[in-house]
Amino acid sequence: MSNIVVTCAPKISPILLNEINDLGYQAELSGEKAVKLEGSMHDAWKLNFHLRTANRVLFQLFEGVAKNADELYKLAIAFRWEDWIDKKGYFGIDSFVQNPTIKDLRFANLRLKDAIADRFSQRFGMRPDSGNEKTGVALFLHWQEEEVKVYVDTTGESLSKRGYREEAGRAPLQETLAAAIILSTQWDGTIHFINPMCGSGTLVIEAALMAIGKYPGHLREEYAFMHLKNFNQSEWNRARRSYAKPKNKPDNLPKFIATDINKHVIPKAERNAFRAGVNEFIDFEVSDFRQTQLPDGKGVVVLNPEYGERMGEEEQLVPIYEAIGDFFKQKCAGKTGYIFTGNLDLAKSVGLKPNQKTHLMNGKIECRLLGYEMYEGSRKQKHQD
Ligand SMILES: C[S@@+](CC[C@H](N)C(=O)[O-])C[C@H]1O[C@@H](n2cnc3c(N)ncnc32)[C@H](O)[C@@H]1O
């Protein structure tokens, strides 16, 4: 058992925590961008395979105290690297360093690399190669003040890259953020999922993947843990087979509807959905969001409109946000409307009072997921003052 740290985009950690605990772990928050737990390398495999909102899974090798780079070197040369890295292998180092003696984190990486290389050279007369390629063992150094923690990054290329989104429209959402948005709505996999302004389809594709129980690991072959010296391919194959299978022909699937006004973007979204293996479950259509045909029954309607990052764009978007409010009132009774936006002033133009406000980040932009319960019949939506 070892410490495992699962990282994510800022503000997603409470959602990630739920995901991890739903897999049967007892994890805890470690700030806005990470969740920590105890587990084995097999647990790290399982987390890599299943998590929808995580970026990477770090498995701790050792920890210690180092006031400066020489002490880091001494700490690191004592570790049994030969148990983890093949002497003919390859490794790379990433780091987070906040230590007063270190001005350039590349120097910390270099001293750690020297310690590993020197240990191999002294004991075996040869050493693994190292560099910036992402083709071998990935190490992560976390050094804050005097506290050093060294991890293997078991993931490699971020889990946010599922592999299906080869084609994007304007301002596509990261797959992990799209999953976090969906997991923050009331959608539970049984009610309709409607995604006007779908762009490259990230939201609707992530929702369909959830509904059929297809995990990110079903779409991915390569993880950095496969380059570790003690990696056992047949154990991994067995573990992978033991994970849940997607339901290929699920009964009673709700409707998935995705529309966009841009006729060039819908074929891209369709091809992305095809690559993700969910195209047969989604009805795509070129249409203005106001003309989206909504099925009867409960559902969520999730929109990610542009939010005017450039000068002058904001003003032009006011009528769109006003029209989203009208669309919710006139066509979405009995459903819950959601807007994901980075512009709170524009969100006010919707003219409805949100019942839910969830803080999320899109890159460096503070965003909100605003939820509007559109009651049917007598319980009317209150207008914003
Ligand atoms: C920010 S992008 C959505 C990105 C999407 N979430 C993704 O992951 O690719 C906004 C989308 O709204 C679409 N759009 C803009 N005005 C529209 C309208 N009146 N009706 C429908 N779609 C519209 C644009 O074509 C664009 O694809």
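Every number in this text was worked out from the coordinates using simple rules, so none of it is lab data. Remember, predicted model here, so these are calculated numbers, not experimental data. Heads up, the Cβs are rebuilt from the backbone with ideal geometry, glycines too, and the neighbour counts pull from every protein chain shown.
What the table below lists for this structure:
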item	result
R0 of 30 Å, Cβ-Cβ distance Asp118-Lys88: FRET efficiency to nearest 0.05	0.95
Contact order relative to length of the chain, as percent, for alpha carbon pairs under 8 angstrom and 6 or more apart	14
For peptides 176-182, 120-126, 149-155, sequence by mean Cβ density within 10 Å, most packed first	176-182, 149-155, 120-126
For region 1-82, the spread of Cα positions along each principal axis, largest first, Å	41, 26, 18
Cβ-derived FRET efficiency at R0 51 Å, Gln316 paired with Arg80, nearest 0.05	0.25
Ratio of Rg to Rh over region 2-153 (Cα coordinates, Kirkwood Rh, two decimals)	0.99
Rg to Rh, two decimals, where the chain supplies the alpha carbon set and Rh follows Kirkwood	1.04
Computed label-point distance, nm, for sites His264 and Ser234 using a 7 Å Cα→Cβ extension	5.3
Label-point separation, Gln98 to Leu29 (7 Å along Cα→Cβ), nm	1.7
Hz values of 3J(HN,Hα) by residue in region 282-287 - Karplus curve (6.51, -1.76, 1.60), Gly and Pro given as x	10, 9, 9, 8, 7, 6
Of the trypsin sites (Lys or Arg not before Pro) in region 247-352, those whose Cβ has at most 14 other Cβ within 10 Å and which sit in DSSP loop	Lys247, Lys263, Arg310
Test item: Cα-centred dipole of the chain, Lys/Arg +1 and Asp/Glu -1 on Cβ, debye	640
MRE, 222 nm, helices only [DSSP H, n ≥ 4, -39500 (n - 2.57), over the chain, to nearest 500]	-9000 deg cm²/dmol
